[in-house]
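The values are calculated or read from the model by the stated rules, or taken from the named source; none is laboratory data. For clarity, every value in this text was computed on a predicted model and none was experimentally measured. As a convention, Cβ positions derive from the backbone with ideal geometry for all residues, glycine included, and neighbour counts pool all protein chains shown. Surface areas here come from the heavy atoms of the whole protein model, side chains and all, with no ligands, DNA or RNA. Shrake-Rupley method; radii C 1.70, N 1.55, O 1.52, S 1.80 Å.
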Amino acid sequence: MRPTRILLATTSLTLAAGLASAQDMTNDMTLVSWGGAYQASQQNAYVEPYLAMHPEVTAVWDESSNEAVAKLRAMNEAGNITWDLVDVVASDAIRLCDEGLAMEYDPDELLAPGDDGTPASEDFGDLIVSECFIPQIVYSTTFGYRTDLVGDTPPTKICDVFDLDAYPGKRALEKRPINNMEWALLCDGVAKEEVYDVLATPEGQEKALAKLDTIKDSVIWWSAGADTPQLLADGEVVMGSTYNGRLFSVIEEQKQPVAMLWDAQVFDLDGWIIPAGLPEDRLARVKDFVRFATDTQRLADQAKFISYGPGRASSAPLVGQHAELGIEMAPHMPTDPNNAQNTFLYNYEFWADYRDDIDAKFQAWLAK
Amino acid sequence: MSDQTTSGPVLAADGTPLKRSLSRALRRQKMRALLLIAPLLLFVLITFIAPIADMLFRSVENQIVQETLPKTVEALADWDPNSGQAPDEPVFAALAADLKIAVQEKTHTRLGSRLNYELTGASSLFRKSGRAVNRMDLETDAPFKEKFADIDKNWVEPDIWRTIQTYSPRYTSGYFLNAIDMQKGPDGAEARPENQQIYIMLFKRTLFMSLVITGSCILLGYPVAWILANLPMRTANLLMILVLLPFWTSLLVRTSAWKVMLQQQGVINDVLVWLGLVADDARLVMINNQFGTIVAMTHILLPFMILPMYSVMQTIPPSYLRAAKSLGATNWTAFWRVYFPQSVPGIGAGSILVFILSIGYYITPEIVGGTTGTFISNRIAYHISSSLNWGLGAALGAILLAVVLLLYYAYDKIVGIDNVKLGG
């Protein structure tokens, strides 16, 4: 096949280049991220310092993380990978790893040990959810509500989202089953530790959809992370789910009358993957960059620009104040003990198995 | 010379028969024309037709099962899927051998994702088994059936084996069946459970809403095109800029603007409440539903209707209307019997453009469609970029393409495609 031949040709070329000098590194990097405030935090916390240390290097951003899985697959089939480092959520990283599109790596070899000497594999710990995934941040999907539209008793529990009598008005929920199904079961009386056992059965899925059905007419379904903050700011919805960093910016940067409802927030991870099959010289540059960009100080620095928790345990004590607002960032982190009293961790294995099945049912239910 | 002209065939100046000479000249002309369009033809073939054909081919392609598990598929051929039992040891030995190779090539998880579209749980089953098989020794670890039962009890259930057997051929109708809310059951094609049926409904909705959008574009566009065609050139050109202005604004900006206008705390609702026409607690819901999608898409596609109408109307001489009136026709009769029939080709061209554009529209329904205003293209986008089920996405796309071609054919039969004019 043609792609294979091109691949072979590139590998032999890289082999030749590799023989000439093992330390050859290209000076161009294409980094893929989400755009917006998140990409800016990456630019500020580690890309700019890296470029300052290596003036010969140029880094180009591609804001394609949303379609990263599909695009990487297309690039792979065409035998022409143009990306060097791709920022994806953990579930996508697992998918890319399964498809053979992301490179497997050894944490202790590729990543720097923590500044207290802990090996990287222990410093990141359980957050390395796939052999290909290099964690950066912990974020959470949680609710924000309008303080001026909820009366004297602001919502404190996740189940207030399902309580139309106490909190009339529209809610914003994400247009996909993940998280919504868990919350629905939790508020339908299912114990937290049994949620996924129940959700694995057709009856459990029906149960969750039936619970969501009770508020279906009052829901605006969002598909982009920016939707809920906008809907909250316009007063279109009383409460809505989104990523905690987006809510932070609505509350602290735009000073809207919005507050956080941390109850039953769902932790998720975001990090890098290195595309499989990079030529030797580009791989060398990427490895050098990633080692720097995920060290203890750099991950702590990122939290100065956005309210997402650093992926390393050793970075947590170094989290300081917001770079422009000057407020302490620790209380705004999803991992802060006050905020993390009742949390979920995104169940990667469950959703990798059930995503196609439950999504079909969820979309059919939505369209009814 | 005179002998030849009277008895033999007609000859050209150089002595060859005129017929042959003529056909040679024509052929040369055709070749030259072909050479002239060759660059474009090649460009279209390579960058447009070939990728689409390649993508559509994926709707039936299913080689991954046979390529990843060749021995297993062969050993499984004799197994009776209705036996209610998992197959015997030889199949498990073949599976162990196949997986051993697959793990080295890292294709077992890819197969797992593929089979997970058909059987929930296949993804983690293959990921888990790959790790375990890697530690197995093919020579000494027999019997494998117990080993696989230890890894996951699903291996000794018939479900996974039935799925592997059903999807072992190199080409499958499974994606197409899925795209019309059916599935491959033990006894051939069967309807999917009712709580998973969605695609037929989405196809119908897409067609219905595209028709409504085309209709409202005709209603709104016709008077505008008429005014443009009948104003003096200078004023018409100025107004034309207003028609074209939306073209020069980003699609996303225009769609988001409709959100600001139509939402419950939006401009229109605010004005209605201020006028006292609508109670403050009963604001109209005009966005995130079908209505919002129809409004926003009508606005976006309107220029595609106005432009062909305008260019056709421009060619209708105003003297025809005057003649009709001087012969005693009322305004309405003159318009309906004389003017309108001549403007039909413009309506035809505009309708085809708007209808075909809207049937494949994706971004506007995604933003303003909510749950009742989304199109089939939104599901295609989901399967291409999110679930990575390209086979199903391709099948849905192929059906959509077939529907459009069918409608085009019907249009040609009923209205006649010669009756469509884009101008002049």
Of all helices (runs of 4 or more DSSP H) fully inside segment B:104-173, the set with 1 or more residues that are out of contact with any Pro (no Cβ under 7 Å at 6 or more places or on another chain) and more than 24 Å from A:Arg355 (Cα to Cα) is B:122-135, B:144-151
Any residue at all in segment A:170-181 that's more than 25 Å from the chain's Cα centre (by Cα) and in contact (Cβ under 8 Å) with a residue 24 or more places away in the chain? yes
If you go through B:Tyr199, B:Tyr222, the only one that is within 14 Å of chain A (Cβ to nearest Cβ) and either of a type in the set (D, E, K, R) or open to solvent by less than 50 Å² (accessible area, probe 1.4 Å) (or both) is B:Tyr199
Every listed condition ((1) open to solvent by 40 Å² or more (accessible area, probe 1.4 Å); (2) within 14 Å of another protein chain (Cβ to nearest Cβ)) holds for B:Leu401 save (2)
*asked:* For segment B:310-329, check the following and say yes or no: at least one residue is within 14 Å of another protein chain (Cβ to nearest Cβ), surrounded by 16 or more Cβ atoms within 10 Å (Cβ to Cβ) and aromatic (Phe, Trp, Tyr).
replied: no
Residues of segment B:366-389 being part of a loop (DSSP other than H, G, I, E, B), at the interface with chain A (Cβ under 7 Å from one of its Cβ atoms) and farther than 14 Å from B:Tyr117 by Cβ, in sequence order, are B:Gly370, B:Thr371
For segment A:182-197, indicate whether the set of residues that are in contact with an Asp or Glu (Cβ under 7 Å, 6 or more places away or on another chain), open to solvent by less than 20 Å² (accessible area, probe 1.4 Å) and not assigned by TED's automatic domain parsing to the domain that holds A:Trp34 is non-empty.
yes
For segment A:85-97, the count of residues that are within 11 Å of chain B (Cβ to nearest Cβ) and open to solvent by less than 10 Å² (accessible area, probe 1.4 Å) equals 1
Taking segment A:322-368 and keeping only residues that are within 14 Å of chain B (Cβ to nearest Cβ) and either assigned to a loop (DSSP other than H, G, I, E, B) or of a type in the set (Asp, Glu) (or both), one is left with A:Asn347, A:Glu349, A:Asp353, A:Asp356, A:Asp357, A:Asp359, A:Lys368
Residues of segment B:330-366 being farther than 30 Å from B:Gly393 by Cα, in contact (Cβ under 8 Å) with a residue 40 or more places away in the chain and open to solvent by 30 Å² or more (accessible area, probe 1.4 Å), in sequence order, are B:Val344
Of those in segment B:268-303 that are within 11 Å of another protein chain (Cβ to nearest Cβ) and among the hydrophobic types (A, V, I, L, M, F, W, C), the residue surrounded by the fewest Cβ atoms within 10 Å (Cβ to Cβ) is B:Val285
Of (1) in a helix (DSSP H, G or I); (2) surrounded by 15 or more Cβ atoms within 10 Å (Cβ to Cβ), B:Lys184 satisfies every one except (1)
query = Is at least one residue of segment A:287-297 on the phi > 0 side of the Ramachandran plot and surrounded by 21 or more Cβ atoms within 10 Å (Cβ to Cβ)?
reply = no
Condition set among the polar types (S, T, N, Q) and in a loop (DSSP other than H, G, I, E, B), scope segment A:30-66, selection farthest from A:Val88 (Cα to Cα): answer is A:Ser64
A:Gly100 passes all but one of the listed conditions (1) at positive phi; (2) within 14 Å of chain B (Cβ to nearest Cβ); (3) in a helix (DSSP H, G or I); the exception is number (3)
Exactly one of A:Val138, A:Val150, A:Val161, A:Val69 is more than 14 Å from chain B (Cβ to nearest Cβ), open to solvent by less than 20 Å² (accessible area, probe 1.4 Å), of a type in the set (Val, Ile, Thr) and part of a helix (DSSP H, G or I), and that one is A:Val161
Residue pairs qualifying under the 8 Å Cβ cut-off, at least six apart or on distinct chains, with the first in segment A:270-288 being closer than 18 Å to A:Asp108 by Cβ and outside any helix (DSSP H, G or I) and the second being of a type in the set (Ser, Thr, Tyr) and open to solvent by less than 10 Å² (accessible area, probe 1.4 Å), are A:Trp272/A:Thr294
